[in-house]
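Trainee: My structure is below; once you've seen it, I'll send some questions.
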Amino acid sequence: MREEIAVGDVVISKAGRDAKRLFVVTEVVDAEYVLLCDGDLRKLDKPKRKKIKHLKRTGIEPMEAVVSGERILDSDIRKYLKEQGLTEKNR
């Protein structure tokens with residue numbers, strides 16, 4: 001299993017006011033920061049910038065549409081997280 005966080009990974013926030021929320025990584029800014037979206041509170045047009053050290057990979061298969069660079073919608077991200085069985089209650 002790879003250790004670094006990459007585009008398309010499903011992650012959980014470990015710190016901050018969004019702690020324990022699920023996100024999909026949409027962009028790696030640099031070695032310290034990534035941009036995150038959840039399709040609900042953090043939409044694609046205004047992603048969350050967060051330090052990588054405050055994130056934990058879930059080990060779930062990356063979202064291929066994000067990895068391949070396809071055009072996606074916020075609803076696609078919400079649907080993907082729901083299909084993976086990742087809801088606020090059972091993380």
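The values are calculated or read from the model by the stated rules, or taken from the named source; none is laboratory data. Here the structure is a predicted model, which means the values were calculated and not measured. In this analysis, Cβ positions are derived from the backbone assuming ideal geometry, glycine residues included, and neighbour counts consider all displayed protein chains. Ligands, DNA and RNA are stripped out before the accessible areas are found, and what is left, the full protein with its side chains, is counted by its heavy atoms. Shrake-Rupley method; radii C 1.70, N 1.55, O 1.52, S 1.80 Å.
Trainee: So, for the chain, what is the accessible surface per residue at a probe of 1.4 Å, expressed in square angstrom?
Mentor: Numbers: 5920 Å² over 91 residues.
Dividing the accessible area of the chain by its residue count gives 65 Å².
Trainee: For the chain, modelled as a Gaussian network with Cα springs under 10 Å, which listed residue fluctuates most, Val29, Val66, Val11?
Mentor: Residue with maximal mean-square fluctuation among Val29, Val66, Val11: Val29.
Trainee: Are any of the pairs Lys20/Lys53; Lys50/Lys79; Lys51/Lys79 more than 21 Å apart by Cα-Cα distance, and if so, which? Don't skip to the answer; put the middle values down first.
Mentor: Values: Lys20/Lys53 14 Å; Lys50/Lys79 23 Å; Lys51/Lys79 25 Å.
In this structure, Lys50/Lys79; Lys51/Lys79 exceed 21 Å between Cα atoms.
Trainee: Moving on to the next point. Leaving ligands, DNA and RNA out of it, report the carbon-plus-sulfur percent of the accessible area of the chain at a 1.4 Å probe. Display every interim value, and only then the final one.
Mentor: Numbers: 2840 of 5920 Å².
Carbon and sulfur: 48 percent of the exposed surface of the chain.
Trainee: Residue by residue through the stretch 48-53, which ³J(HN,Hα) values in whole Hz follow from phi under the Karplus form 6.51 cos²θ - 1.76 cosθ + 1.60 (θ = phi - 60°), with glycine and proline marked x?
Mentor: Ordered by residue, 3J(HN,Hα) equals 8, 8, 9, 5, 4, 5 Hz.
Trainee: Separate question: What ranking, highest mean first, results for peptides 18-27, 69-78, 37-46 when packing means the other Cβ atoms within 10 Å averaged over each residue?
Mentor: The packing order, highest mean first, is 18-27, 37-46, 69-78.
Trainee: Please list, in chain and number order, the residues 5+ apart from Glu27 or on another chain whose amide H is under 5 Å from its amide H, with Hs placed from the backbone.
Mentor: Under 5 Å from the amide H of Glu27: Leu35.
Trainee: Using the Cα gyration tensor of the chain, with a ≥ b ≥ c the square roots of its eigenvalues, what is the shape: rounded (a/c below 1.5), prolate (a/b larger than b/c) or oblate (neither)? It would help to have the intermediate numbers written out before the result.
Mentor: Values: a/c = 1.23, a/b = 1.08, b/c = 1.14.
Note, shape of the chain comes out rounded.
Trainee: So what is the relative contact order of the chain, in percent, for Cα pairs below 8 Å that sit 6 or more residues apart?
Mentor: Details: 143 pairs, mean separation 26.4, N = 91.
Rounded, it is 29 percent for the chain.
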